[in-house]
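Structure record follows, encoded as structure tokens.
The values are calculated or read from the model by the stated rules, or taken from the named source; none is laboratory data. Fair warning: this is a prediction, and the values are worked out from it, not measured in the lab. Glycine gets a Cβ as well: all are built from the backbone with ideal geometry, and neighbour counts include every protein chain shown. To get the accessible areas, we keep the full protein, side chains included, count just its heavy atoms, and leave off ligands, DNA and RNA. Shrake-Rupley method; radii C 1.70, N 1.55, O 1.52, S 1.80 Å.
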Amino acid sequence: MTPKRLHIAIQKSGRLAERSLELIRAAGYRLNRSASDLAYSVENAPIDLWCLRDDDIPTFVADGVADLGVVGRNVLAERTAGGSNGLREVMPLGFGRCRLAIAAPQSFAYRGPGSLQGLRIATTYPNLLQQYLSEAGVEARVVTMRGAVEVAPRLTLADAICDLVSTGATLEANGLVALATVLESEAVLVRSTRSLDPDIDAVAESLTSRFRGVVASQDAKYVMMNAPRSALPRITEILPGAGAPTVMALAGRDDAVAVHAVCQESVFWETLEALKEAGASAILVLPIEKMM
Ligand code: ATP
Ligand code: ZN
């Protein structure tokens, strides 16, 4: 009997493709590309990778053809709006951040969701848009397009659009401005709501736990400093996303200590300035390679 293998689907090419592969490699999986370019096999674990159009990933995962998938939350949420549809988000992956937003020509006088009443809004996300409008008690006409939504207002096909935005450059280039956020999105790991084969499930659990480690260590930093003992409460408060810091004696000093902490969130220059102001000195911020 051939050993069972877990199948994970990722985007073939596009905004999530590169980072998805990077994440899998960072989790310690060694990839062998197949001749076709459309699949990889993992050398050191029973895992196969399929490279697909992102829109097809939810279907394959829901049908149990693939066990796990990596897609934008926007794609998953559009599929599951109004019901689970056999899919669930396992964890956010920390890349591919964007938001699904309603945007209109710069001249549009927007005073909250009520201003959208009676408008024609073009989108490739009809379910999410309709859900947003219903929750806001607004009746508007949802126009479903397959793509190129941002040109709809200029062609007078629609008064407004509902589309993905990251920097806003595309909107600006089309004379549009974002008015309201329908969904905050990033790449997520998805799996089916039905239970997996126990052997496959064990592989999925191990992969998920490694992914958690990689994602957690991405922004995490190891921070070290010296500080007056009296400044400890203030310093603990400033350190972003740190638990209880490790406090060590400094040779020949009773009034000062060494403080070490793992910060789970980004450490900005502002954080270092605040630490200095609180009395810290010799502050070091180090990257963390792995975390579990
Ligand atoms: P495919 O060929 O796989 O169907 P696509 O054209 O649908 O690709 P991409 O444009 O590569 O998809 O976007 C994939 C995902 O990247 C989106 O679903 C979204 O989650 C995320 N994303 C991040 N920033 C943006 C952005 N500015 N515009 C569109 N998608 C973005
Ligand atoms: Zn797509």
From the residues in the stretch 249-268 that are more than 29 Å from the chain's Cα centre (by Cα) and open to solvent by 70 Å² or more (accessible area, probe 1.4 Å), which one is nearest to Gly279 (Cα to Cα)?
-> Asp255
Confirm whether Leu49 is of a type outside the set (Lys, Arg), closer than 19 Å to Leu93 by Cα and in a helix (DSSP H, G or I).
-> no
Among the residues of the stretch 10-46 satisfying the criterion of being within 11 Å of ligand 1 (Cβ to nearest atom) and either at pLDDT below 95 or part of a strand (DSSP E or B) (or both), which is surrounded by the fewest Cβ atoms within 10 Å (Cβ to Cβ)?
-> Ile10
Which of the residues belonging to the stretch 90-116 are in a strand (DSSP E or B) and open to solvent by 10 Å² or more (accessible area, probe 1.4 Å)?
-> Val90, Pro92, Cys98, Arg99, Pro105
What are the pairs, 6+ residues apart or on separate chains, where a residue within the stretch 60-89 that is closer than 15 Å to Ile8 by Cα and part of a loop (DSSP other than H, G, I, E, B) has its Cβ under 6 Å from a residue that is open to solvent by 10 Å² or more (accessible area, probe 1.4 Å) and within 15 Å of ligand 1 (Cβ to nearest atom)?
-> Ala66/Phe60
Output the number of residues of the stretch 246-292 satisfying the condition of being without any contact (Cβ under 8 Å) to a residue 40 or more places away in the chain and assigned to a strand (DSSP E or B).
-> 14
Yes or no: Leu6 in contact with a helix residue (DSSP H, G or I) (Cβ under 9 Å, 6 or more places away or on another chain), open to solvent by less than 30 Å² (accessible area, probe 1.4 Å) and away from ligand 2 (no atom under 16 Å from the Cβ)?
-> yes
Does at least one position in the stretch 127-137 carry a residue that is free of Cβ contacts under 8 Å to residues at least 24 places away in the same chain and open to solvent by less than 60 Å² (accessible area, probe 1.4 Å)?
-> yes
Taking the condition over 30 Å from Pro3 (Cβ atoms) and open to solvent by 60 Å² or more (accessible area, probe 1.4 Å), does Arg234 pass?
-> yes
Mind telling me which of the residues Thr167, Thr208, Thr193, Thr156 ends up being surrounded by fewer than 19 Cβ atoms within 10 Å (Cβ to Cβ), within 25 Å of the chain's Cα centre (by Cα) and free of Cβ contacts under 8 Å to residues at least 60 places away in the same chain?
-> Thr167
Filtered residue count, the stretch 47-59, keeping only those that are open to solvent by less than 20 Å² (accessible area, probe 1.4 Å) and within 12 Å of ligand 1 (Cβ to nearest atom) | 3
Residue identified as small (Gly, Ala, Ser), modelled with pLDDT of 95 or more and within 18 Å of Phe95 (Cα to Cα) among Ser185, Ser166 | Ser185
Spot the failing condition for Ser84; the list is (1) open to solvent by less than 40 Å² (accessible area, probe 1.4 Å); (2) under 21 Å from the mean Cα position of the chain (by Cα); (3) under 30 Å from Ala180 (Cβ atoms); (4) not charged (D, E, K, R), and only one is missed.
-> (1)
Within the stretch 57-68, which residues are within 14 Å of ligand 2 (Cβ to nearest atom) and touching a strand residue (DSSP E or B) at 6+ places or on another chain (Cβ under 8 Å)?
-> Ile57, Pro58, Phe60
